[in-house]
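Engineer: Please read through the structure below; I'll follow up with questions.
The values are calculated or read from the model by the stated rules, or taken from the named source; none is laboratory data. Being a predicted model, the structure only gives us computed values, none of them experimental. Glycine also receives a Cβ, built like all others from the backbone with ideal geometry; neighbour counts cover every protein chain displayed.
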Amino acid sequence: MNPQLPRFGGGPLDSVVHPLVLIALELTILLIFALRKKHVVVPVVFMAFLVPIGQQFVVAGVHLFVLRIVILVALIRAVQGKGKFRWNSVDTVFTVGVIFQAISVIILNQTPDSMVNQVGFLWDFLGGYFLLRVLIADDDDIDTTIKSLAVVVVLMAIAMTTEHAIQRNVFGQLGGVRLIPEIRNGSIRAQGAFQHPLTAGAFGASCLPLFFYLWKRKTANVLAILGMVAACIVTVSTHTSTSALTAVAALVGIAFWPLRTRMRLVRRMLFGAVIGLDLVMKAPVWYLIARIDLTGASSSYQRAFLVDQFVKHFSSWWLIGTQANANWGWGMWDVQNTYVETGQSGGLVALVCFIAVIAYSFRRVGQLRRSVSGSPEEWIPWLLGATLFAHTVAFFGVQYYDQVRMAWFATLAMISACTVAVAQSRTASKPGRTASPLYLGEVPADLVGCHPPEA
């Protein structure tokens, strides 16, 4: 979670809105109010991922990004009607962490500009997160969201393949992202509508389990297969180790299905392996990151050194973060690690809250999977858990500073909603029972996400 939108390697970020984007924005606003509430997520997803985040209006020196306008308008539409929303533990720790980050940045800078900047940060993170929490409330909403993501990834794969072929980014014609793709060690690193190949690859790779979910649900098999193929194309076209590792994590999460009842043992073995490696290695265990280079052009040592300096400078950032990270060593201004960036910008409280979001989300999918063990619905929480795992791996190599964060928010929202979805499916098959998210007795009340809203 990055309180400030960085400008490294992404081309001209300060780009006024393109006429085509303006038309798309007007159409999106029209659709948001014309469609039934359960379909509002579709135009939101398309605008979030197919419009460069640098597209913006500048009013009296204030930058109004197109995505922020979409979030605000969609929130106004989402809160209409009789839809119900139930707060849960993930919402709590997410909100506390984001607010603490914003306060920390304001305290560290103590300027009016920093306050304006953090209003935008809260708009992006709290607005985007809670928008998707409200829009994604049941299994139909999850299906609709994943289908929309599949179409987006297919379009992105076509654009990024073209980027390799003609060495021009079609989204660069709009502005807000580079027109000429980055080339490292002779290899093109496509980025599509994203600010950097790292975020583009993290987006594509983390969607793999979602498309497998769509295929398992048998609601759109052809689209699911196209989505999986396109996600692989997006991942490969970025030519980054982080993207490849995220894809591997997604596939490992899916492949561990036969071990689903033994995950406690797996976690203990992994923890023991990490401790054992730390004892026998000459360098700290996180220097294993330095050995990971799947493309031959990765900054893996910089990633390991960043974690090392983050640990060594604990006293300088634990309270409210620090802005002195550039002085930690060469290249330390480039904080491409979401865990490190969260602590560096918001302190220990923000970092603990961020880790708690991940832990509570894993707990939700784990308890839900056990509650539906042996049923066809067991795949639902497992694949959402695989998506969550893919994101947690991606966080080690990239910070989610552009629209890829919307994919993270959607994952958290789907995890909150799947409790209701599976409960409805189970109770609907029981004669004499009414659909209620409280039917699954093994699921604590706190794990009940939110009730499905009326359209």
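Engineer: Output the number of the condition that GLY296 fails; it satisfies all remaining conditions of (1) among the small types (Gly, Ala, Ser); (2) at positive phi; (3) without any contact (Cβ under 8 Å) to a residue 40 or more places away in the chain.
Structural biologist: The single condition GLY296 does not satisfy is (3).
Engineer: Please work out if ALA244 is touching a Ser or Thr at 6+ places or on another chain (Cβ under 8 Å) and in contact (Cβ under 8 Å) with a residue 40 or more places away in the chain.
Structural biologist: yes
Engineer: Then there's this: Here is a check on your reading of the model: is SER300 surrounded by 17 or more Cβ atoms within 10 Å (Cβ to Cβ), more than 30 Å from SER89 (Cβ to Cβ) and hydroxyl-bearing (Ser, Thr, Tyr)?
Structural biologist: It is true that SER300 is surrounded by 17 or more Cβ atoms within 10 Å (Cβ to Cβ), more than 30 Å from SER89 (Cβ to Cβ) and hydroxyl-bearing (Ser, Thr, Tyr).
Engineer: While we're on this one: Report yes if SER316 is over 26 Å from THR387 (Cβ atoms), hydroxyl-bearing (Ser, Thr, Tyr) and out of contact with any His (no Cβ under 8 Å at 6 or more places or on another chain), otherwise no.
Structural biologist: In short, yes.
Engineer: Which residues, taken from segment 41-64, are part of a strand (DSSP E or B) and without any contact (Cβ under 8 Å) to a residue 24 or more places away in the chain?
Structural biologist: VAL59, LEU64, listed by residue number.
Engineer: Which one of these does ALA350 not meet: (1) in contact with a Ser or Thr (Cβ under 9 Å, 6 or more places away or on another chain); (2) within 30 Å of ILE183 (Cβ to Cβ); (3) part of a helix (DSSP H, G or I)?
Structural biologist: All conditions pass for ALA350, except number (2).
Engineer: For segment 234-259, what are the residues that are in contact with a strand residue (DSSP E or B) (Cβ under 9 Å, 6 or more places away or on another chain) and assigned to a helix (DSSP H, G or I)? Spell out how you get there, then give the answer.
Structural biologist: From segment 234-259, those in contact with a strand residue (DSSP E or B) (Cβ under 9 Å, 6 or more places away or on another chain) are 237-240; that's our starting set.
Across segment 234-259, the qualifying residues are SER237, THR238.
Matching residues to (1) modelled with pLDDT under 95; (2) in a loop (DSSP other than H, G, I, E, B); (3) out of contact with any Cys (no Cβ under 7 Å at 6 or more places or on another chain); (4) closer than 21 Å to ASP143 by Cβ:
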site	(1), (2), (3), (4)
PHE211	no, no, yes, yes
VAL229	no, no, yes, yes
LEU294	yes, yes, yes, no
TYR301	yes, no, yes, no
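Engineer: Within segment 289-315, which residues are over 17 Å from GLY347 (Cβ atoms) and of a type in the set (Lys, Arg)?
Structural biologist: Residues satisfying the conditions are ARG291, ARG303.
Engineer: Please go through segment 46-65 and pick out each residue that is among the hydrophobic types (A, V, I, L, M, F, W, C) and within 14 Å of ASP402 (Cα to Cα).
Structural biologist: Listed by number, the residues that qualify are MET47, ALA48, PHE49, LEU50, VAL51, ILE53, PHE65.
Engineer: Among the residues in segment 312-324, are any farther than 21 Å from SER114 by Cβ, part of a helix (DSSP H, G or I), touching a residue at least 12 places away in the same chain (Cβ under 8 Å) and not charged (D, E, K, R)?
Structural biologist: No, segment 312-324 has no match at all.
For every residue, the table says whether it meets (1) at pLDDT 95 or above; (2) more than 30 Å from ALA137 (Cα to Cα); (3) out of contact with any helix residue (DSSP H, G or I) (no Cβ under 8 Å at 6 or more places or on another chain).
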site	(1), (2), (3)
GLY9	no, yes, yes
GLU26	yes, no, yes
LYS38	no, no, no
PRO43	yes, no, no
ALA74	yes, no, no
ALA78	no, no, no
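For (1) touching a residue at least 24 places away in the same chain (Cβ under 8 Å); (2) over 18 Å from the mean Cα position of the chain (by Cα); (3) in a loop (DSSP other than H, G, I, E, B), each residue gets a yes or a no:
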| residue | (1), (2), (3) |
| --- | --- |
| ILE69 | yes, yes, no |
| SER104 | yes, yes, no |
| LEU108 | yes, yes, no |
| ASP113 | no, yes, no |
| THR162 | no, yes, no |
| VAL177 | yes, yes, yes |
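Engineer: Something else: Quick check on PHE171: is it hydrophobic (A, V, I, L, M, F, W, C) and part of a helix (DSSP H, G or I)?
Structural biologist: yes
Engineer: Across segment 208-225, what is the total count of residues that are closer than 9 Å to ILE146 by Cβ and among the aromatic types (Phe, Trp, Tyr)?
Structural biologist: Total meeting the criteria: 2.
Engineer: Something else: If you check MET263 against the conditions, is it over 30 Å from VAL151 (Cα atoms), touching a residue at least 24 places away in the same chain (Cβ under 8 Å) and not in a loop (DSSP other than H, G, I, E, B)?
Structural biologist: yes
Engineer: Counting only residues that are farther than 20 Å from ALA244 by Cα and charged (D, E, K, R), which one in segment 303-313 is surrounded by the most Cβ atoms within 10 Å (Cβ to Cβ)?
Structural biologist: That would be ASP308.
Engineer: While we're on this one: Just give me the residues in segment 316-338 being within 24 Å of ILE99 (Cβ to Cβ) and surrounded by fewer than 19 Cβ atoms within 10 Å (Cβ to Cβ), in sequence order.
Structural biologist: Those that are within 24 Å of ILE99 (Cβ to Cβ) and surrounded by fewer than 19 Cβ atoms within 10 Å (Cβ to Cβ): SER316, TRP318, LEU319, GLN323, ALA324.
Engineer: Given the residues THR261, THR246, which is the only one that is more than 16 Å from HIS391 (Cβ to Cβ) and of a type in the set (Ser, Thr, Tyr)?
Structural biologist: Going through THR261, THR246 in turn, just one is more than 16 Å from HIS391 (Cβ to Cβ) and of a type in the set (Ser, Thr, Tyr): THR261.
Engineer: OK, next. I'd like to check something: does segment 82-98 contain any residue that is modelled with pLDDT under 95, basic (Lys, Arg) and more than 23 Å from the chain's Cα centre (by Cα)?
Structural biologist: Scanning segment 82-98 turns up at least one residue that is modelled with pLDDT under 95, basic (Lys, Arg) and more than 23 Å from the chain's Cα centre (by Cα).
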